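One structure is given here, and the rest of the page talks about it.
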2 protein chains.
Amino acid sequence: MSQEIKSFYPPLRTLMGPGPSDVHPRVLAAIAKPTIGHLDPAFQDLMEDIKSGLRYAFQTENSLTFPVSAPGSAGMEACFVNLVEPGDKVIIAQNGVFGVRMKENVVRCGGTAIVVEHDWGTAIDLQRVEGALKESPDTKVLAFVHAETSTGVLSDAQALCALAQQHDCLSIVDAVTSLGGVNVEVDSWGADAVYSGTQKCLSCPPGISPVTFSDRAAETVRNRTHPVGSWFLDLNLVMAYWGGDGGRTYHHTAPVNAMYGLHEALLMLQEEGLKLAHNRHSGIQKAFVSGIEAMGLTPLVDVDNRLPPLTTVCVPDGIDEAATRAHLLKTYNLEIGAGLGPLAGKVWRIGLMGHSARMENVLLCLTALEDALIRQQAKIEPGAANAAAIAMFDNFV
Amino acid sequence: MSQEIKSFYPPLRTLMGPGPSDVHPRVLAAIAKPTIGHLDPAFQDLMEDIKSGLRYAFQTENSLTFPVSAPGSAGMEACFVNLVEPGDKVIIAQNGVFGVRMKENVVRCGGTAIVVEHDWGTAIDLQRVEGALKESPDTKVLAFVHAETSTGVLSDAQALCALAQQHDCLSIVDAVTSLGGVNVEVDSWGADAVYSGTQKCLSCPPGISPVTFSDRAAETVRNRTHPVGSWFLDLNLVMAYWGGDGGRTYHHTAPVNAMYGLHEALLMLQEEGLKLAHNRHSGIQKAFVSGIEAMGLTPLVDVDNRLPPLTTVCVPDGIDEAATRAHLLKTYNLEIGAGLGPLAGKVWRIGLMGHSARMENVLLCLTALEDALIRQQAKIEPGAANAAAIAMFDNFV
């Protein structure tokens, strides 16, 4: 009926794609600890710690801060399915794949999506968003991606959240590739619903989506007139399990071991400190970009809008995008990412996220890319990229 | 802003509740292997193996057989949200918590739920279901729970699937607590959509939900007139990632390390063989029930409808249900489950699932229960329970 299977031994990769990032051995060791029950008192203590660690990462006091038991796409869906009711208007500032997915979510919730389209690789234009908000004063939600993983663009979440508040809208913010690597200030921005993923700057295995909801967002969910379309993601039910005010009502069985890993990763973030973690990500990217430029390559995104944990690098003329990635994977066990949508074949997406944001990785990637390009007849001075990266890095240490 | 957190060391429990069950050290070791990318060629091989291993467990050739990247409740939702469109009629044969949850799912999909209610602790009555099917000939789906985790009842899935076919309905089957521990014959039953969980008889950590869909079910999803309410669970999109006919389209980031664990658990099931695994579950339960009865306790469910992986035991008069569980947890690190709904306070739910279905566990649980009851003045002959369990077990080895 089916083929025989054998034990699986993964190849030992260095993960520098758009996520997952390299997982720290401490986190791998944590997820292998013996499983306990999801209603065990010891697990409930762990849940409180995780909520606390997530509040630290999100820089929020929101009581409704917890990890959704599924990947980032489910975190996105949790935000939309709870806040958008049939007939609601949602403005989506769209500048990449994840903005496209936001529109899909709104439509499936029965909402009306007003899309403010941007070229991929550009940041969200505040004036155009403000114009859309003025044109549709009955808009309920403004949704946007803080850190577009498909393009490597960082948009001004603070200003966008402020615009939402000025126009009496809720904000939904995608912070999948920013949380832990870039400043995400949920409370000072006044963001209403923010979701992230564990497999980017937190360097956990993929599978869990941290979310946080403002009191205003939680109130909106409680006051819905239609039931939430998803039972699994209904915050009214999930709150009773993750709520923490005394007893816990069984909702679903939490992914216990994945939570061990998230807990350890949040502890490591606390040990390093948010500010240092953010500085590390931006410093390491500067070193990497210096190296890339010394090799004659160009980042897609201008310096002001560049997302530190993820650099999109333009594929030069005469270079085979896919063959280059294949060479890196095969020869160096190094994973980098391809472009998506209109950027397919035109860029590589190179992540320096979480535990992957280290000089060792910068040097490996620059050397491997240099090798791949020289094999394709590119005129590159061997070693110049690493020298430039090291010189830039010296400025930061 | 938030309390300091410290590394977490879970207590070493023996898990004999309604799930999660004890995870085998081989599976814990597997999930701690280094993370690779969800689009890595090596991960794609792993995905094919997992699909193959799940087909073996489900006894099916269904090409649409894969693990949903979220817990069992999301697997349930995947079945309903894809197969039920607004206005569709769904008959739910309800005999416990998970049948109640099925109704919630139907309502949120915009469907009409016709509930055939049964007393908790009884199996589904085929005649009553047939009556309901005759009364509503335009019913699209018959949904029921094969193995009710809330009551410990096993219903006749084969006969129910046959009824669905006779009345030209699709069947949705909850096999969360049966897959791997009780015979689940998807193809020979002609079941259309079946979901399970990893944390029961497969003895993985919780977090993943194996599902399988017949060709007829897959065709129904493709021919929907309304978009699937959930983007994350839309089979039209998930199929493109898990499909396996050549290229894979990125949908969401799979929980890579959890998949390592599921793969190893499926390998272990293949090594033991389905038939032996089923016999082990039923033999171990018989030994356990002999012990329970020798102690003067009574199983809630009659022998013909008893679910081997989960025994509900009636709490005798004069015994404090919660205090007994607390004593077992505190003194013996032994987790057993409480009753739910109308059975709260009246039964314990004791799981002998997957790696937990071993004589060591039977003896520990009987001894610990005996101790707890004697402390509450129950008149029990010390040691009689274990002797009875061992005598019964001798019949099977």
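Within region A:44-59, is there a residue that is within 30 Å of B:LEU54 (Cα to Cα) and among the charged types (D, E, K, R)?
no
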| field | Options A:ILE350, A:ILE319; residue that is of a type outside the set (Asp, Glu), assigned to a strand (DSSP E or B) and in contact with a helix residue (DSSP H, G or I) (Cβ under 7 Å, 6 or more places away or on another chain) | value | A:ILE350
| For region A:3-26, how many residues meet the condition of being closer than 24 Å to B:SER21 by Cβ and either touching a Lys or Arg at 6+ places or on another chain (Cβ under 7 Å) or crowded, with 18+ Cβ neighbours inside 10 Å (or both)? | 2
| message | Which of the helices (runs of 4 or more DSSP H) found entirely inside region A:151-233 contain at least 1 residues meeting this: at pLDDT 95 or above and within 14 Å of chain B (Cβ to nearest Cβ)? | response | A:186-189
| How many residues are surrounded by fewer than 20 Cβ atoms within 10 Å (Cβ to Cβ) and either in contact (Cβ under 8 Å) with a residue 60 or more places away in the chain or at positive phi (or both) if we restrict to region B:101-113? | 1
| Restricting to strands (runs of 3 or more DSSP E) lying wholly in region B:1-102: which have 2 or more residues that are more than 7 Å from chain A (Cβ to nearest Cβ) and touching a Ser or Thr at 6+ places or on another chain (Cβ under 6 Å)? | B:64-68, B:89-94
| request: Return a yes/no flag: does region A:219-232 have any residue that is in contact with a strand residue (DSSP E or B) (Cβ under 9 Å, 6 or more places away or on another chain) and more than 30 Å from B:THR198 (Cα to Cα). | output: yes
| query | Could you list, in sequence order, the residues of region A:266-278 that are more than 17 Å from the chain's Cα centre (by Cα) and either in a helix (DSSP H, G or I) or under 22 Å from A:PHE43 (Cα atoms) (or both)? | reply | A:LEU267, A:MET268, A:GLN270, A:GLU271, A:GLU272, A:LYS275, A:LEU276
| task | Pull up region B:353-375, narrow it to residues that are of a type outside the set (Gly, Ala, Ser) and not in a helix (DSSP H, G or I), then point me to the one that is surrounded by the fewest Cβ atoms within 10 Å (Cβ to Cβ). | result | B:ARG358
| query | Quick one: B:ARG128 ticks every box in (1) touching a strand residue (DSSP E or B) at 6+ places or on another chain (Cβ under 6 Å); (2) surrounded by 17 or more Cβ atoms within 10 Å (Cβ to Cβ); (3) more than 17 Å from B:ILE172 (Cβ to Cβ) bar one, so which box is it? | reply | (2)
| message | Among the residues of region A:242-265, are any buried (at least 20 other Cβ atoms within 10 Å of the Cβ), in a helix (DSSP H, G or I) and modelled with pLDDT under 95? | response | yes
| Is it fair to say A:GLU271 is surrounded by fewer than 20 Cβ atoms within 10 Å (Cβ to Cβ) and farther than 21 Å from A:ASP371 by Cα? | yes
| task | Could you please let me know if A:GLY296 is surrounded by fewer than 21 Cβ atoms within 10 Å (Cβ to Cβ), in a loop (DSSP other than H, G, I, E, B), modelled with pLDDT of 95 or more and not aromatic (Phe, Trp, Tyr)? | result | yes
| Is one or more of the residues making up region B:104-111 farther than 28 Å from B:ILE172 by Cβ, outside any helix (DSSP H, G or I), in the same structural domain as B:PRO206 (by TED's automatic domain parsing) and not β-branched (Val, Ile, Thr)? | no
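What residue, of A:GLY180, A:GLY197, is on the phi > 0 side of the Ramachandran plot, crowded, with 24+ Cβ neighbours inside 10 Å and touching a helix residue (DSSP H, G or I) at 6+ places or on another chain (Cβ under 9 Å)? Explain how you work it out, then say what you get.
Details: A:GLY197 fails: on the phi > 0 side of the Ramachandran plot.
Every option except A:GLY180 fails the conditions.
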| note | Conditions (1) in the same structural domain as A:ARG55 (by TED's automatic domain parsing); (2) within 16 Å of A:GLY181 (Cβ to Cβ); (3) of a type in the set (D, E, K, R) -> A:ARG280 fails only (1)
| request: Have a look at A:PRO10, A:PRO34, A:PRO20 and point out the one that is touching a Pro at 6+ places or on another chain (Cβ under 9 Å), over 16 Å from A:ALA254 (Cα atoms) and without any contact (Cβ under 8 Å) to a residue 24 or more places away in the chain. | output: A:PRO10
| said: Give me the residue from region B:187-212 that is small (Gly, Ala, Ser) and touching a strand residue (DSSP E or B) at 6+ places or on another chain (Cβ under 6 Å) and, out of that set, farthest from A:PRO255 (Cα to Cα). | reply: B:ALA191
| task | Determine which single condition A:ASP394 fails, assuming it passes every other condition in (1) at pLDDT 95 or above; (2) out of contact with any strand residue (DSSP E or B) (no Cβ under 7 Å at 6 or more places or on another chain). | result | (1)
| Can you name every residue in region B:329-338 that is more than 12 Å from every other protein chain (Cβ to nearest Cβ) and surrounded by 19 or more Cβ atoms within 10 Å (Cβ to Cβ)? | none
| said: part of a helix (DSSP H, G or I) and in contact (Cβ under 8 Å) with a residue 12 or more places away in the chain: is that true of B:SER290 in this structure? | reply: yes
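The values are calculated or read from the model by the stated rules, or taken from the named source; none is laboratory data. These figures come from a predicted structure and were not determined experimentally. Backbone-built Cβ (ideal geometry, glycine too); neighbour counts: all protein chains shown.
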